[in-house]
Amino acid sequence: MRKAVLVAAITLVAAISPAVRAMAGDSLPTSRFGCQPDPTLQAQLLHCTYGPLVVTPGTNMILLGPVTIESPRAEGYITSFAPNLVLAATGEVPPIHEVHLHHGVWINAAKTGTTPFFATGEEKTRSQIPDGYGYRTSATDAWVLNYMLHNLTASAYTVMITYDLTWVPASAGLKDVVPVWLDAVANNDSTKQLYPVYDPAQDGTGYTSSFGVDRDAEIVWVGGHVHPGGLRDELFSETCGQPLFTSNAVPNDPANPRTLGSWDYRMTVTNPDWRFTVHRGDRVSVTGYYDNSHPWYEAMAIMFAWAHPLTPAEMQARTPCTPPTSTTGSVTDPPNPPNQSPVFGGANEGRFGAQQSQVGSATTSVAIRGFDYSPGGIGQPPPAVHPGDHIVFTNYDAAGSIFHSVTSCVNPCDGDYGQSYPLATWPSATQVGDSGQLGYGPPQATASVQRSAWTYIVPAGAPNNTVLTYFCRIHPFMRGSLKVVQ
């Protein structure tokens, strides 16, 4: 088992985000030099950017930034980190059902090697290091960005990745913190370092990984990350036999049943007074929990923390296994912007279901091309299929590095996808199951299945006139259907 490691572009002119100003109490001045500290100021806000980045239709790839990206090239401390994704032309945050930052992982090659010092997903969790602590910056830092932008539409976007920092000079004399990266998946499978996903249906809805601690330290901040369908991450002290923190996925609109399984959520983080001391040799574990009523084959279970290394004298003053003040936290980051222009639904609600009373010509093949299924896509009657038929779905968009899936959803599957998926369903005599992401990409850098075609066998027991509805997990406005004819 791997140890928990405690390790030490073009600028868009835009204002510091309101989220960061609220985090700083609107009390800090903004540097005149973007991501670089203003020498005439002490505590200040820095606005860093990476881009512009053109997100082509259907993009769902893991990419790396240039050799270095913007960072504060001065001796000091970062005390908060707030990521975002904005449209390059307007500075506005786009709705996540159109384009979003699937994940961003910041690495300081000069200090931490390949261990990230900050990371976020589509929920864009903000990290607020408690008062008195800070992450050191220096003129020799070399920041690299591992990122994945997800375009759920058939249109191109030009965006900027932003990261707003609160920063103070080294003379502030804060206590140093170092990053703690706890990845349940990569810890169990070293081949998944770049894209650490697992299938809860095969690996269990509670996926656990154990870590050995490599130094004496005080953990001062913790947050979690899950993918759609994720419920929570739990941090547990195996040495002390006690829970330490649960980072919950909180839907932005819990009253809306379509929020379940969507990208539209935020994660809770520890409260400002949360602390826990670990000794070298202690063991902690991370467990990710997912909703098991629907299939999620791309689950993540990651927790990120800040820890302050302790001297032997400081450790002697600590009482072992002192519980933290609370094992629950709060949401600090603002919600993503609401859905303004649904691609599917609204006035067109029901148009897909209405066509399912018809039946088209028999087929044994379906083409996926131009972000549509044919035959059987929107505006087309479902083609006739027979029990025992082998139906071959082929993604012809794969030539443009575009992934698509064939994923079953409850008939008529004609709702407005807004900021949420239709919910995937388990395979059965009336459900097609899931093809995975059909397409090609660098191994371990994508979720693709490295093929363009998938064969679905119509079950022998499929009832006559059953309509088999499906959608694309990557572009959920895409819908298709088949109709069983005996």
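The values are calculated or read from the model by the stated rules, or taken from the named source; none is laboratory data. Quick caveat: nothing in here was measured; it's all calculated off a predicted structure. Because the Cβ atoms are built from the backbone with ideal geometry, glycine has one as well, and the counts that use them run over all protein chains shown. To get the accessible areas, we keep the full protein, side chains included, count just its heavy atoms, and leave off ligands, DNA and RNA. Shrake-Rupley method; radii C 1.70, N 1.55, O 1.52, S 1.80 Å.
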Exercise. On each of the three principal axes of the Cα atoms of segment 358-446, give max minus min coordinate, whole Å, ordered largest first.
Key: 40, 28, 25
Practice problem: Compute the Cα gyration tensor for segment 407-486, then decide on rounded, prolate or oblate, letting a ≥ b ≥ c be the square roots of its eigenvalues: rounded whenever a/c is under 1.5, prolate when a/b is larger than b/c in the other cases, and oblate in all that remain. | Solution: oblate
Exercise. Calculate one ³J(HN,Hα) per residue across segment 142-147 by plugging θ = phi - 60° into the Karplus curve 6.51 cos²θ - 1.76 cosθ + 1.60, and present them in order as whole Hz with x for glycine and proline.
Key: 9, 8, 10, 10, 9, 9
Exercise. Just the isolated ones, please: cysteines in the chain lacking another cysteine beta carbon under 4.7 angstrom.
Key: CYS472
Quiz prompt | Amide H contacts under 5 Å for HIS404, placed H, 5+ residues apart | solution = LEU438
Quiz item: For ASP131 and GLN316, FRET efficiency with R0 = 35 Å and r from the beta-carbon atoms, rounded to 0.05?
Solution: 0.90
Quiz item: Restricting the count to DSSP beta bridges whose residues both fall in segment 344-486, what percent are antiparallel, rounded to a multiple of 5?
Solution: 70
Exercise. Would you kindly find the accessible area of THR30, with a 1.4 Å probe and non-protein molecules such as ligands, DNA and RNA excluded, rounding to the nearest 10 Å²?
Key: 50
Quiz item: Which sequence of SER155, SER452, SER405 reflects their accessible areas, 1.4 Å probe, from the largest down?
Solution: SER155, SER452, SER405
Quiz item: What residues from segment 457-486 fall in the zone where the backbone N is under 19 Å from a label point 7 Å along the Cα-to-C-beta line of ALA156?
Solution: none
Quiz item: When the Karplus curve 6.51 cos²θ - 1.76 cosθ + 1.60 is applied with θ = phi - 60°, which whole-Hz ³J(HN,Hα) does each residue of segment 100-108 get, with x for Gly and Pro?
Solution: 8, 7, 4, 7, x, 10, 9, 10, 9
Self-check item: Whole-percent carbon and sulfur share, accessible surface of the chain, 1.4 Å
Solution: 56
Practice problem: Return the long-range amide H neighbours of LEU231 (sequence gap of 5 or more, or a different chain), with a cut-off of under 5 Å between placed amide H atoms. | Solution: TYR289, TYR290, ASP291
Quiz item: Looking at segment 160-248, which GluC sites (Glu not before Pro) are in a loop (DSSP not H, G, I, E or B) and have at most 12 other Cβ atoms within 10 Å?
Solution: none
Quiz prompt | Compactness of segment 266-321 as Cα Rg over 2.2 N^0.38 Å, two decimals | solution = 1.61
Quiz prompt | Karplus (6.51, -1.76, 1.60) ³J(HN,Hα), θ = phi - 60°, over segment 119-135, in Hz, Gly and Pro reported as x | solution = 7, 8, x, 4, 6, 6, 4, 8, 9, 10, 5, x, 3, x, 10, x, 8
Self-check item: Positive-end residue of LEU53, THR287, ALA301, charge dipole of the chain with Cβ unit charges
Solution: LEU53
Quiz item: Label point 7 Å out from SER357 along Cα-to-Cβ: which residues of segment 452-486 have amide N under 20 Å?
Solution: 464-469, 480-485
Practice problem: Determine the shape class of segment 362-408: with a ≥ b ≥ c the square roots of the Cα gyration tensor eigenvalues, call it rounded for a/c under 1.5, and otherwise prolate if a/b is greater than b/c, oblate otherwise. | Solution: prolate
Quiz item: Extension gain SER374-GLN242, at 0.36 nm per residue separation less the Cα-Cα distance, in nm?
Solution: 42.1 nm
Practice problem: Enumerate the amide H contacts of ALA88 below 5 Å, restricted to partners 5 or more residues apart or on another chain; note that Pro and chain-start residues carry no placed amide H. | Solution: THR158, VAL159, MET160
Quiz item: Where Lys and Arg each count +1 and Asp and Glu each count -1, what net charge lies around PRO375 among other residues with Cβ under 12 Å from its Cβ?
Solution: +1
Self-check item: Where labels lie 7 Å past Cα in the beta-carbon direction, separation of LEU63 and SER365 in nm
Solution: 3.3
Exercise. Per DSSP H run of n ≥ 4, the term is -39500 (n - 2.57); total these for the chain, divide by its residue number, and report the mean residue ellipticity at 222 nm rounded to 500 deg cm²/dmol.
Key: -1000 deg cm²/dmol
Practice problem: Return the label of the correct value of Cα extents along the principal axes in Å, as calculated from the structure shown, out of (1) 87, 58, 42; (2) 68, 48, 41; (3) 79, 50, 39. | Solution: (3)
Quiz item: For segment 49-121, what value does the Rg/Rh ratio take when both radii are computed over Cα atoms and Rh is the Kirkwood radius, given to two decimals?
Solution: 0.97
Self-check item: Accessible area in square angstrom per residue, segment 169-247, 1.4 angstrom probe
Solution: 34
